[in-house]
1. Please enumerate the residues belonging to the range 86-100 that are more than 16 Å from TYR169 (Cα to Cα), in a helix (DSSP H, G or I) and of a type in the set (Gly, Ala, Ser).
2. Of all the helices (runs of 4 or more DSSP H) wholly in the range 111-221, which have at least 1 residues that are basic (Lys, Arg) and surrounded by fewer than 17 Cβ atoms within 10 Å (Cβ to Cβ)?
3. Any idea which of PHE202, PHE191, PHE215 is under 25 Å from the mean Cα position of the chain (by Cα) and among the aromatic types (Phe, Trp, Tyr)?
4. State the number of residues belonging to the range 101-110 that are of a type outside the set (Gly, Ala, Ser) and part of a helix (DSSP H, G or I).
5. Just the residues that are in contact (Cβ under 8 Å) with a residue 40 or more places away in the chain and closer than 26 Å to LEU156 by Cβ, please, taken from the range 85-105.
6. Identify the residue in the range 68-100 that is crowded, with 17+ Cβ neighbours inside 10 Å and farther than 20 Å from PHE212 by Cα and, among all such residues, is farthest from the chain's Cα centre (by Cα).
7. Pairs needed: first member in the range 219-243, under 17 Å from ALA74 (Cβ atoms) and in contact (Cβ under 8 Å) with a residue 40 or more places away in the chain; second member anywhere, in a loop (DSSP other than H, G, I, E, B) and not small (Gly, Ala, Ser); C-beta distance under 7 Å; at least 6 residues apart or different chains.
8. Can you tell me which of ASP204, ASP194, ASP176 is of a type in the set (Asp, Glu) and in contact (Cβ under 8 Å) with a residue 24 or more places away in the chain?
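The values are calculated or read from the model by the stated rules, or taken from the named source; none is laboratory data. Everything quoted here is computed from the prediction, not taken from an experiment. Note: ideal-geometry Cβ built from the backbone for every residue, glycine included; neighbour counts use all protein chains shown.
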Amino acid sequence: MILANLARAVREQNYYAVFIEFVIVIAGVVIGFQISGWQADRALARQEAQIVQRLIGDFRSLAESGDFQVEYHARNLRSMDAVLAALNAGEIAEDQETLFVDGLTFAYQHASALQASATFREIVSNGQLGLIDDEAVRAAVMGYHERLEDSDDTFLHIRLMQTLYVVAYNRHFRWDPSPHPTSDWRRVESFDFDTMLADPEFYDAAEELREFQRFYYAWHVGTRERAQQTLELLEAYAASHGIAS
């Protein structure tokens, strides 16, 4: 209709009508582009909201899961302290015997690193990380996962170092051949405390293995804190952008 009116106005040399029709055409095109732009922006905003909500769910779970790793190595540290305290005192305190046996059992065990965010992996694979319109939030999410990548190499290195002390540490106790009834771990069946006291290599191994447990503990504390800080940034970002979390 507009083109027909425009053609008729040109034939009739009604240039005012030509101008009006031309303005209407241009305005229609501009409004069309504007509506398309608004629709695209709204679609991106919906995608961003979904991504942020899913990341918040992931990091909330990760921060909570980090409590297990931290407590696991806190217990291992306490048990290694009990072993060394007994060696230094020349006897095992009655209220420390369970911790002492735990120290023999878990001296060179470690908890696995926290998992990656499944949402992060997906949005990186799909090239959607840039939808999060905040550099600090993006950096926090990426920084957490870079720490996880470092965990694999770091834990392997520590594990190899621990093996240097396993033989000396294990020579004075025997393992129960059957798993513990409440876990998959084998327990220490018997030990010879007198030979432990007389063996300086056992003491050195206990000291070194305690330091490795201290490292694991600090690493897991740092990873849990990184997950918690990332969660708090995501929640603050969601609140500032009206995204339900």
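1. ALA89
2. 118-125, 135-170
3. Criteria check complete, one pass: PHE215.
4. Counting residues in the range 101-110 that are of a type outside the set (Gly, Ala, Ser) and part of a helix (DSSP H, G or I) gives 5.
5. Matches in the range 85-105: GLY103, LEU104, THR105.
6. By that ranking, first place goes to ILE92.
7. THR223/LEU114
8. The unique qualifying residue is ASP204.
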